[in-house]
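All remarks here apply to the structure that follows.
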Amino acid sequence: MLNDFQKSRRHFIKTSGLVLGAGFVPTMSGRSSIIAESVDSAGAFDRPQLAQGIQFGDVLRNRAMVWSRSDRPSRMLVEFSLNPTFTEAKLLTGPRALAKSDYTVRMDLTGLPAGREIYVRVMFQDIDDRKNLSQPCYGHFRTAPDDVRAIRFLWSGDTCGQGWGINPDIGGMKIFETMRQTEPDFFIHCGDSIYADSPIQESQVVPQTGEIWHNLVIPEVAKVAETLDEFRGRYKYNLLDDNLRRFNAEVPTVWLWDDHEITNNWSPAKDVNGDPRYREKSIATLEAHGRKAAMEYAPMRYPVADSARRIYRKLSYGPLLDVFVLDMRSYRGGNNHNRQTTPGDDTVYLGREQLDWLKDGLKNSAAEWKVIAADMPLGLQSQDGVDQMNRPQFESFANGDGPVQGREFELAELLGFMKQDAIKNTLWLTADVHYAAAHFYDPAKARFKDFEPFWEFVAGPLNAGSFGPHELDDTFGPQVIFQKASPVSNLSPLSGMQSFGQVDIDGDSRIMTVTLKNLEGDILFQQSIMPAPI
């Protein structure tokens with residue numbers, strides 16, 4: 001028995017052509033006058049094209065970001081309605097799509113009702129011919145509630161890594177279709193949304209089986225990304241996938257980044273002089289190109305006064321949930337041996353401004369649950385070569401067993417503050433390491449004990465190689481409650497070890513249930529967490 005919401009949702013999907021991942025006009029009654037007037041003004045191939053579809057992002061109770069891309073100078077037009085037939089739709093004139101942003105644009109829809117399904121269609125109007133409109137592209141999303149109700153969201157990371165791209169033989173990146181079918185409120189992409197440093201060839205051999213993996217390819221992914229257009233091409237490549245475009249048209253994304261948006265293990269100390277794949281040897285230039293491309297293609301909201309386009313931010317999703325999105329890349333010092341006995345410039349990871357922002361946000365949050373979305377796990381060791389003294393260098397907080405040292409000073413400060421201020425019901429979600437895991441941080445088993453126990457869950461990859469488990473760092477007492485890791489490095493996606501996480505918050509009991517799922521949506525692990533009284 002379908003409720004009214006499910007009926008309207010399914011009707012919209014059927015009539016809008018979303019099953020094809022394209023923007024087809026649903027019915028004559030659902031067409032706006034502006035579309036009707038333009039129908040015969042241009043042939044299908046002369047119209048502006050929306051080859052990358054649409055995305056929604058950073059949805060709040062009364063607003064949401066709408067992103068799309070044209071193929072020429074044009075102006076974005078957005079219609080939205082509370083009805084899937086687009087009766088009483090509002091038409092908004094958006095920004096111009098210009099070459100300087102690779103024809104990407106976004107609009108912040110404001111004044112939306114809380115907790116409602118919003119139906120959207122996006123068109124582009126040729127700048128030189130106002131009657132020349134693109135075919136509309138359709139989508140829908142739910143705004144955050146302002147009352148207590150059940151919430152479901154997903155998270156994962158790591159897309160098109162290690163040369164494993166879009167394989168048409170297996171239906172492309174099918175995990176996005178599996179995730180779409182769970183009908184979540186939103187999805188957190190925890191980074192590595194592209195692999196700028198991993199060339200994608202037409203085919204490669206699967207070492208473990210001898211099978212041939214075939215990729216869709218475009219020129220921009222044939223080599224490591226160095227130019228701005230090559231970085232942009234990585235995002236356009238991912239959006240060739242029907243599953244991803246269909247997912248984007250229904251599920252808002254909360255975007256953050258990690259290293260592969262620039263290059264592997266990127267930090268200010270990164271040196272590519274010894275990597276013959278790179279003709280551009282300046283990490284600052286690579287970072288500038290990669291950041292600009294990421295900011296163009298991410299469906300995120302930028303603070304009005306933030307010219308640097310800050311990535312860390314807080315998203316409130318009703319009385320039950322606040323999401324704190326971290327940026328573990330932009331402010332860190334160079335990767336180093338990470339064993340300093342006192343904090344200093346070379347131990348900076350989140351940075352003072354972001355750390356203070358997070359502490360203030362957690363302290364002032366009235367939400368039942370505080371979810372912290374991170375680029376990397378807290379207690380897993382990720383090494384980054386050796387320094388000039390042959391000491392191992394580290395990528396994250398973790399630096400091996402022992403007392404608090406190096407970047408761990410920031411984490412110790414944060415966890416100690418959370419205990420002192422009695423901040424309850426926190427959860428850490430991340431990806432990065434290419435396997436699924438559940439970690440419980442236990443002060444009774446830690447070197448540093450001044451914190452309350454908490455959970456961290458790891459998901460991924462979405463469509464990349466799978467890898468074996470990382471070593472734990474005992475400083476904060478992480479315990480492996482579950483993990484499903486590859487027995488060999490870079491196991492292909494044909495192994496079925498891709499994964500994502502699902503979080504359900506019950507509207508009555510307020511219990512949070514975290515589920516790790518595989519490519520087919522089967523449960524790998526599930527943990528229910530009772531909320532502590534606030």
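The values are calculated or read from the model by the stated rules, or taken from the named source; none is laboratory data. This one's a predicted model, so the numbers in the text were calculated from it and none came from an experiment. Note: ideal-geometry Cβ built from the backbone for every residue, glycine included; neighbour counts use all protein chains shown. Note: areas computed on protein heavy atoms with side chains; ligands, DNA, RNA excluded. Shrake-Rupley method; radii C 1.70, N 1.55, O 1.52, S 1.80 Å.
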- Message: To test your reading of the geometry: what angle, between 0 and 90 degrees and rounded to tens, separates the Cα axis of helix 283-297 from the longest principal axis of the chain?
- Response: 40
- Task: For region 427-534, go through all pairs of different Cα atoms, get the mean of 1/r, take its inverse, and jot down that Kirkwood value in Å.
- Result: 14.8
- Query: Suppose R0 equals 25 Å; then what is the FRET efficiency for LEU91 and ARG310 from their Cβ-Cβ distance, rounded to the nearest 0.05?
  - Reply: 0.20
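Pairs of alpha-carbon atoms within less than 8 angstrom and 6+ residues apart define the contacts here; what relative contact order does region 92-184 have, in percent?
Values: 69 pairs, mean separation 18.4, N = 93.
The normalised contact order for region 92-184 reaches 20 percent.
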- Please provide three numbers in whole Å: the alpha-carbon extents of region 60-173 along the principal axes, with the largest listed first. 48, 45, 26
- Query: Taking the radius of gyration and the Kirkwood hydrodynamic radius from Cα positions alone, what is the Rg/Rh ratio for region 345-484, to two decimal places?
  - Reply: 0.96
- Average projected area of the Cα convex hull of region 217-358, in nm²? 11.4
- Message: Could you tell me the ratio Rg/Rh of region 113-192? Both radii from Cα atoms, Rh via Kirkwood.
- Response: 1.09
- Antiparallel %, DSSP beta bridges [both residues in the chain], to 5: 75
- Item | Helix axis angle, 228-238 relative to the chain longest principal axis, alpha carbon, degrees | 80
- Query: What pairs in LYS363/LYS424; LYS359/LYS419; LYS419/LYS484; LYS314/LYS419 have C-alpha atoms more than 19 Å from each other?
  - Reply: LYS419/LYS484; LYS314/LYS419
- Item | Kirkwood hydrodynamic radius (C-alpha pairs) into Stokes-Einstein, region 402-469, 10 °C and 1.306 mPa s, D in µm²/s | 117
- In region 346-407, if every C-alpha pair distance is counted and binned at 10 Å from zero, what percent goes to each bin? 18, 41, 28, 11, 2
- Query: What does the charge add up to near PRO95, with Lys and Arg as +1, Asp and Glu as -1, over the other residues with Cβ less than 10 Å from its Cβ?
  - Reply: +3
- Query: Which cross-chain or sequence-distant (5 or more) residues have an amide H under 5 Å from the amide H of LEU524, H modelled 1.01 Å from N in plane?
  - Reply: LEU516, LYS517, ASN518
- How high is the FRET efficiency between ASP356 and ASP442 when r is their beta carbon distance and R₀ equals 30 Å, given to the nearest 0.05? 0.65
- What translational diffusion coefficient, in µm²/s and rounded to a whole number, does the Stokes-Einstein relation yield for the chain at 37 °C and a viscosity of 0.692 mPa s, taking the hydrodynamic radius as the Kirkwood radius over Cα pairs? 138
- Only residues of region 317-358 count here: report those whose backbone N is under 12 Å from the spot 7 Å along Cα→Cβ of THR513, or say none. none
- For LYS445, go through the aspartates and glutamates and keep the ones whose alpha-carbon is under 15 Å away, minus same-chain ones fewer than eight residues off. ASP401, ASP473, ASP474
- Quick one: angle between helix 4-16 and the longest Cα principal axis of the chain, in degrees between 0 and 90, rounded to 10, please. 70
- Item | About the Cα centre, charge dipole magnitude for the chain (Lys/Arg +1, Asp/Glu -1 at Cβ), debye | 1320
- Heavy-atom accessible area per residue - the chain, 1.4 Å, Å²: 39
- Note on the structure: Scoring only Lys, Arg, Asp and Glu (+1, +1, -1, -1) among other residues with Cβ under 14 Å from the Cβ of GLU177 yields 0
- Gain in span if fully extended, THR209 to ALA532, counting 0.36 nm per residue against the direct Cα distance: 111.4 nm
- Note on the structure: Long-range amide H partners of LEU321, meaning residues 5 or more apart or on another chain whose placed amide H is closer than 5 Å, are GLU368, TRP369
- Query: How high is the relative contact order of the chain, in percent, with contacts defined as C-alpha pairs under 8 Å that are six or more residues apart?
  - Reply: 14
- Note on the structure: Asserting the computed 222 nm helical MRE of the chain (DSSP H runs at least 4 long, -39500 (n - 2.57) per run, divided by residue count, to nearest 500) equals -4500 deg cm²/dmol
- Query: Which whole number in µm²/s is D for region 191-248 by Stokes-Einstein, with the Kirkwood Rh taken over Cα pairs at 25 °C and 0.890 mPa s?
  - Reply: 198
- If you take all C-alpha pairs in region 266-341, what percent of them are over 18 Å apart? 58
- Sorting LEU109, ALA437, SER330 by the position of each Cα along the dipole of the chain (Lys, Arg +1; Asp, Glu -1; all at Cβ), the one nearest the positive end of that ordering is LEU109
- Note on the structure: The answer for the net charge of residues other than ALA225 whose Cβ lies under 10 angstrom from its Cβ, with Lys and Arg +1 and Asp and Glu -1, is -4
- Note on the structure: Relative contact order in percent for region 292-448 (Cα pairs under 8 Å, 6+ apart) equals 24
- Query: How much accessible surface area, in Å² rounded to 10, belongs to the heavy atoms of SER198 with a 1.4 Å probe?
  - Reply: 10
- So who's got an amide H within less than 5 Å of the one on GLY191, skipping anything under 5 residues away but keeping other chains? H placed 1.01 Å off N, in plane. ASP158, LEU256
